[in-house]
1. Given the conditions (1) under 22 Å from B:ARG106 (Cα atoms); (2) more than 15 Å from the chain's Cα centre (by Cα), and given that B:GLY166 satisfies all but one, which numbered condition is not satisfied?
2. Among the residues of the stretch A:27-56, how many are closer than 23 Å to B:TYR184 by Cα and in a loop (DSSP other than H, G, I, E, B)?
3. Please identify the pairs in which a residue from the stretch B:162-182 that is within 10 Å of another protein chain (Cβ to nearest Cβ) and farther than 18 Å from A:ILE21 by Cβ has its Cβ atom under 6 Å from the Cβ atom of a residue that is among the polar types (S, T, N, Q) and assigned to a helix (DSSP H, G or I), counting only partners at least 6 apart or on another chain.
4. Quick one: would you say B:VAL147 is modelled with pLDDT of 90 or more, more than 10 Å from chain A (Cβ to nearest Cβ) and touching a helix residue (DSSP H, G or I) at 6+ places or on another chain (Cβ under 9 Å)?
5. Of everything in the stretch B:29-60, what is modelled with pLDDT of 95 or more, over 23 Å from A:TYR33 (Cβ atoms) and away from chain A (no Cβ under 14 Å)? Give them in sequence order.
6. Tell me which residues, restricted to the stretch A:32-51, are under 13 Å from the mean Cα position of the chain (by Cα) and either at the interface with chain B (Cβ under 9 Å from one of its Cβ atoms) or open to solvent by 70 Å² or more (accessible area, probe 1.4 Å) (or both).
7. For A:ALA5, indicate whether it is at the interface with another protein chain (Cβ under 9 Å from one of its Cβ atoms), under 22 Å from B:GLY166 (Cα atoms) and at pLDDT 90 or above.
8. For A:LEU14, are the conditions met, namely being among the aliphatic types (A, V, I, L, M) and either closer than 23 Å to B:PHE94 by Cβ or over 16 Å from the mean Cα position of the chain (by Cα) (or both)?
Amino acid sequence: MAEHAARERLEKMLGSSGPDIGCEACFEELDRYVELDLRRADAERAVPGMRRHLEDCPACGEEYESLRALLEG
Amino acid sequence: MQPPPRADAESRAWISDLSASGVRRDDAIARLHALLLRAARFEVGRRRFLHAELRGDVVDDIALEAADDAVVAVLTRLADFRGESRFTTWAYKFALLEAAVKLRRRAWEGREIPLDPEQWEVFGSGEKSPPERAEQAELLDALRSAVDTVLTPHQRTVFGALALNGVPIDVLAERLGTSRGALYKTLHDARRKLRSHLAAVGLAIGDSDQGRRRG
């Protein structure tokens, strides 16, 4: 909805609520998470909170996308 | 060093070779460098279009530096490999991280980082309908008020740079002499305080369980 663009932008700026595993734990788990993801296993169950962090942290999100793309390559 | 028991055969061989001595270890390090250089080049290739101002030879240097640093990181942290992924996947992430961080920092070299709230470009410019402008003005007022009311000066700086102005977290960490993890924690705490404050004034945001905007 175009008239809610500002609200959507604000929601993105404020991230999601709830616990967040943080950048260090994200990096520690990234390789396992991506491999599980590529095998279509339940990566989020194996690493709870990872998906939320990847959505809220652009740098970690980019590194997830890169590792996934490299392995898929 | 003993390979972790759960590691696959190829990963165990990597750990054994890198933990050996002499020619066997040297050969393994050379193979590791080649592997990580491929990953670093892959990463700078993916991000090349975002950094059109960087010359080709500069980008190549960044990939090589990233591979060099990633090899050091992998060798330093070899005991941390738990065998929960393939060794190559585990090692790749160091090269991708090094390449991404170096690219972001190089792209921001010499650039001023907007830390002053007055420089916030929160919702961008461009054509907007009257309802859009009204909603934007209302949200902007609420956000400014929340930032001034509930955030500490450090949280204001971090939130302003990262969430409002899109400064890369590694770049800000370097400028402020802190770590990416510490900055993200600050950002997370600031976001939580802002969401809570906005919800209290009737502007529940995102996936808060307090529901959408009242009225």
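1. (2)
2. Going through the stretch A:27-56 one residue at a time, the tally reaches 3.
3. Pairs that qualify, where the first residue is within 10 Å of another protein chain (Cβ to nearest Cβ) and farther than 18 Å from A:ILE21 by Cβ and the partner is among the polar types (S, T, N, Q) and assigned to a helix (DSSP H, G or I): there are none.
4. Details: modelled with pLDDT of 90 or more: yes; more than 10 Å from chain A (Cβ to nearest Cβ): yes; touching a helix residue (DSSP H, G or I) at 6+ places or on another chain (Cβ under 9 Å): yes.
The answer is yes for B:VAL147.
5. Those that are modelled with pLDDT of 95 or more, over 23 Å from A:TYR33 (Cβ atoms) and away from chain A (no Cβ under 14 Å): B:ILE29, B:ALA30, B:ARG31, B:HIS33, B:ALA34.
6. Of the residues in the stretch A:32-51, the ones under 13 Å from the mean Cα position of the chain (by Cα) are A:33-34, A:37, A:43-44, A:47-51.
Within the stretch A:32-51, A:TYR33, A:VAL34, A:PRO48, A:ARG51 meet the criteria.
7. Details: at the interface with another protein chain (Cβ under 9 Å from one of its Cβ atoms): yes; under 22 Å from B:GLY166 (Cα atoms): yes; at pLDDT 90 or above: no.
Against the criterion (at the interface with another protein chain (Cβ under 9 Å from one of its Cβ atoms), under 22 Å from B:GLY166 (Cα atoms) and at pLDDT 90 or above), A:ALA5 does not qualify.
8. Numbers: among the aliphatic types (A, V, I, L, M): yes; either closer than 23 Å to B:PHE94 by Cβ or over 16 Å from the mean Cα position of the chain (by Cα) (or both): no.
The answer is no for A:LEU14.
The values are calculated or read from the model by the stated rules, or taken from the named source; none is laboratory data. Note that the structure is predicted; figures quoted are calculated from it, not measured. We place every Cβ from the backbone using ideal geometry, glycine too, and count neighbours over all the protein chains shown. Calculation scope for accessible area: heavy atoms of the full protein, side chains included, ligands and nucleic acids excluded. Shrake-Rupley method; radii C 1.70, N 1.55, O 1.52, S 1.80 Å.
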